[in-house]
Amino acid sequence: MPGIQSISPLVVPCLFTSSRRIVRVAATARNPRMSFESMALKPPLHPTYDLKEIIKLALAEDAGGQGDVTSMATIPVDMEVEANFLAKEDGIIAGIALADLVFHEVDPSLKVEWSQKDGDYIHKGLQFGKVFGRAHNIVVAERVALNFMQRMSGIATLTKKMADAAYPACILETRKTAPGLRLVDKWAVLIGGGRNHRMGLFDMVLIKDNHISIAGGIKNAIKSVDLCLEQKNLQMEVEVETRTLEEVHEVLNYASQANTSLTRIMLDNMVVPLPNGDVDTSMLKEAVDLINGRFETEWCTDTFCKSTRHLPQN
């Protein structure tokens, strides 16, 4: 799929409010200790990524150490409002669970209710949620919550379109995410019906052209990976990038003669664009036929990046 860091929002939630002055209110806390276990579609796992810290950073970025000076000047401290979430475009809604975390981080007494869940298809004009509580705190939280939701909804909507078009193959994403937002972006891909590729450099071996050149060839690169994994007693998926049919032959020849950890072969840029707008898939089809189901296959091009998985044989 296109590099997800560049996707502009397609589903644009917005917030509108109706206010009333309330001097004495019994605050109702919603999920004061919300955990990922309560989410319909949980974020992908990462050993060092702290989603709550990302939320705190986003809020601190907005506050700048001073807070919302406009709201402090214009909104009475005792005012409470009900704000409603309204869809401004058709598409897949994503980021609802993350928005919950944002509102809870700002003010645990805010009461948030949703009529839709992450992954639902919504139409322009639909009111799909509301939040009630202190107006000042809602205003502080809403922009950060909406920024996450708009980004994630845009990614999820495009992912859904690509996943439907690619079926029965699967859409994967890349590490080409906005710095600091990798888990958020990859979560949105899951919500849109795609699958996660590796989360980082730590959870999968991906032998690319640079590794192959430095190792002195594709066979040497795979052999070095097999040896390293055996010495360190590591078990993980291993993928190798191939750019030519000759490299595919070399990989298959090595795999037939060695006990390899290889699990997937990437067929990189084996779809050639033609001047008339069509594409020549003959090299891709020949590569898939050569592999013949012995390994998972992944197709990646410069223009359609990322990939498909388990490519059909026809």
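Name the residue, out of Leu229, Leu252, Leu262, that is more than 20 Å from the chain's Cα centre (by Cα), part of a loop (DSSP other than H, G, I, E, B) and outside the structural domain of Ile92 (by the TED database).
Within the list Leu229, Leu252, Leu262, the selection yields Leu262.
Do we have Leu101 as touching a residue at least 40 places away in the same chain (Cβ under 8 Å), touching a Cys at 6+ places or on another chain (Cβ under 8 Å) and part of a helix (DSSP H, G or I) here?
In short, no.
Yes or no: Thr244 among the hydroxyl-bearing types (Ser, Thr, Tyr) and open to solvent by 50 Å² or more (accessible area, probe 1.4 Å)?
So Thr244 fits the description; yes.
Looking only at residues that are outside any helix (DSSP H, G or I) and among the small types (Gly, Ala, Ser) in the range 104-154, which one is nearest to Asp68 (Cα to Cα)?
The qualifying residue nearest to Asp68 (Cα to Cα) is Gly133.
Where residues in the range 183-238 are touching a residue at least 60 places away in the same chain (Cβ under 8 Å) and open to solvent by 70 Å² or more (accessible area, probe 1.4 Å), which of them is farthest from Met149 (Cα to Cα)?
For the range 183-238, the residue satisfying everything is Phe202.
(1) at pLDDT below 95; (2) assigned to a helix (DSSP H, G or I): which one isn't true of Val77, the others all being true?
Of (1) at pLDDT below 95; (2) assigned to a helix (DSSP H, G or I), only one is false for Val77: (2).
Those residues that are over 25 Å from Met152 (Cα atoms), under 28 Å from the mean Cα position of the chain (by Cα) and either among the basic types (Lys, Arg) or not assigned by the TED database to the domain that holds Glu241 (or both), I need them from the range 182-226; list them, please.
Answer for the range 182-226, where residues must be over 25 Å from Met152 (Cα atoms), under 28 Å from the mean Cα position of the chain (by Cα) and either among the basic types (Lys, Arg) or not assigned by the TED database to the domain that holds Glu241 (or both): just Lys208.
Out of (1) out of contact with any Leu (no Cβ under 7 Å at 6 or more places or on another chain); (2) at pLDDT below 95, the odd one out for Leu262 is which?
For Leu262, the exception is condition (2).
Kindly evaluate Phe148 against the criterion of being closer than 13 Å to Ile93 by Cβ and not aliphatic (A, V, I, L, M).
Judged against the criteria, Phe148 is a match.
Could you check Leu252 against (1) crowded, with 16+ Cβ neighbours inside 10 Å; (2) at pLDDT below 95 and say which number it fails?
Failed condition: (2).
The values are calculated or read from the model by the stated rules, or taken from the named source; none is laboratory data. In this text, all values refer to a predicted model and were calculated from it rather than measured experimentally. Every residue, glycine among them, receives a Cβ derived from its backbone with ideal geometry; neighbour counts consider all protein chains shown. Ligands, DNA and RNA are stripped out before the accessible areas are found, and what is left, the full protein with its side chains, is counted by its heavy atoms. Shrake-Rupley method; radii C 1.70, N 1.55, O 1.52, S 1.80 Å.
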